[in-house]
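Written below as structure tokens is the structure these notes are about.
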Amino acid sequence: MFRKILIANRGEIALRVIRTCRELGLKTVAVYSESDRKSPHALVADEAVLLEGETARETYLNAEQIIAAAMERQADAIHPGYGFLSENADFAEACAREGVVFIGPDPHAIRQMGDKTRARELMVQAGVPIPPGTGSSVTSDKEALQTARRIGFPVIVKAAAGGGGKGMRKVRAEGELPGALKAARSEAAGAFGDDRVYLEKYLEEPRHVEFQIFADRHGNMVHLFDRECSIQRRHQKLIEESPSPLLDETLRSEMGEAALRVAGSCGYVGAGTVEFLVDSDRRFYFLEMNTRLQVEHPVTEMITGIDLVALQIRVAEGHPLPWKQHEIPRHGHAIECRICAENPMEQFLPAAGTIHSWRPPSGAGIRVDEGIRQGQLVTPEYDPLLAKLIVHGKNRAEAITRMIRALDDTVLTGCPTTIPFCRYVMDHPAFREGRYDTHFIPEQFSGKELQYGKFSHTVAIIAGLLHNDNNHWDSGSGADPASSADADKLKGSGLTTNSISGQNRSRNSNTGSNAGASWWTRRKYR
Ligand code: ADP
């Protein structure tokens, strides 16, 4: 049994892991960079260790420093969260060498699934359908062209070591292929230190549907149903729900069984996610397996009532899974909206600012996973995810209504966010009817929708001012004294900042008239 766990992460996921550890009676060690000194995860953990260095690479990605901290504080195990070192097989190996348990699968499984071309080979052996494409990475432009002609355009060029949508290019016609290969190779080399790319058929009207799986060290394996993640920008998810409105029970159990075959193909242990694309004919294809906890795991927790982090910890301790497949509960419907520091009116460009006010929603069926504080400087150094709103309802309609209420009740000023966009989606007829695919954003949203009418940023700005007048002007704003200096750092950075400054009560004119305070406070405006 573990006594102490080090959490090798920051932000909402670090806090989320700490909460479960506390419920399990485990001590926690946080690690933090200098700029995160006052971040909630560093303050809430039982112990906190400062990581030397400035950049993410020098701190949260520094395996040596993190393992040294775990050993110094006598932590039994390291929970990597998602991102950073969570899918780094060398890190998992180094943990094992030093006698610290890595809460995740074995390095071998991480490596097999981290190489997408290797994963495709394994799927062929396991009888799981993959999109037509190259067997392994392409060795020349000529070979790529031959494959593209064979499978037919459009195709997609992808990085073998890919992740985060990097090194991915859609190619509509032959003439575009050489440029796309070159760009994808160089992006992949920069992001992953590995320039291998491969080709896949680009599926039309695809839906991204994934399965949460869990395996223990005793040969037991289950899936915890599906998540629909088709609302994406730049091939990255923004809104997720479970169950997927697309699947009937037959397709669900077929895909669930395929997901277990995927996990079995690499001797998987722990929590993992098998991602599929489903085409317009309801045929499904393996996309990739993520060998870690996903950002969107709370929707699964909401419909099953199972704490996935607690289960990860118990499995890492060597316990068997407590259920068989048919015993996994499933109730109602859950939706997650990601609140990211991005400006939806400017193609979701990364945004920055100092969080002036933050008031999360509450009430029955609402969960907020967050790791931010008032006065915090948001910079592009880290992932733009600030918080996640998750709701549960007895059915999909109730979950949507509840999410609208939760978004309307959320106040987050100081930095543009995705809140108004999420609000727009909840009202969109295609979303409400469950008829949407991964092209929803390019086809249904330009950013202009937030300018006028009920999604208007002007409305939100006035509402925010009212809220701030009511709650913050007279209380000395509650902002960190360092915030003014921090805000100065952002000037001239070219990043989108918000149009309300708690420091000086005036609109910040940095970004012109369409810069918006990206929160939603319609209730206040009424
Ligand atoms: P990453 O690991 O970089 O996130 P994925 O392989 O998981 O990349 O794909 C991310 C998204 O890109 C998918 O959810 C989907 O929207 C799009 N995509 C990937 N492959 C295809 C394909 N073959 N056809 C159509 N869309 C695709």
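Please treat every number below as a calculation from the coordinates, not as lab data. Because the structure is predicted, anything quoted here is derived from the model rather than measured. Cβ atoms come from the backbone with ideal geometry, glycine included; neighbour counts cover every protein chain shown.
The distance separating the Cα centre of region 220-262 from that of region 297-318 comes to 17 Å. The Cα atoms of the chain give a gyration tensor whose axes a ≥ b ≥ c have a/c under 1.5, which makes the shape rounded. Taking 15 Å as the cut-off, the amide N atoms of region 129-163 that come nearer than this to a point 7 Å along the Cα-to-beta-carbon line of K182 belong to 141-142. Its DSSP H runs of at least 4 residues, each contributing -39,500 (n - 2.57), put the calculated 222 nm mean residue ellipticity of the chain at -9500 deg cm²/dmol, to the nearest 500.
Which entries of K38/K237; K4/K166; K4/K38; K116/K394 show an alpha-carbon separation above 32 angstrom in the structure shown? Result: K4/K166; K116/K394 exceed 32 Å. Calculated from the alpha-carbon coordinates, region 132-201 shows an Rg and a Dmax of 10.6, 30 Å respectively. Unpaired cysteine residues in the chain (no second Cys Cβ under 4.7 Å): C21, C95, C229, C266, C340, C415. Could you state the number of Å between the C-alpha centres of region 14-90 and region 381-410? Answer, in whole Å: 27. Each other residue within a Cβ distance under 13 Å of Q236 adds +1 if Lys or Arg and -1 if Asp or Glu, for a net charge of 0. Positive-end ranking of N62, G318, G375 along the dipole of the chain, with charges on Cβ about the Cα centre, is headed by G375.
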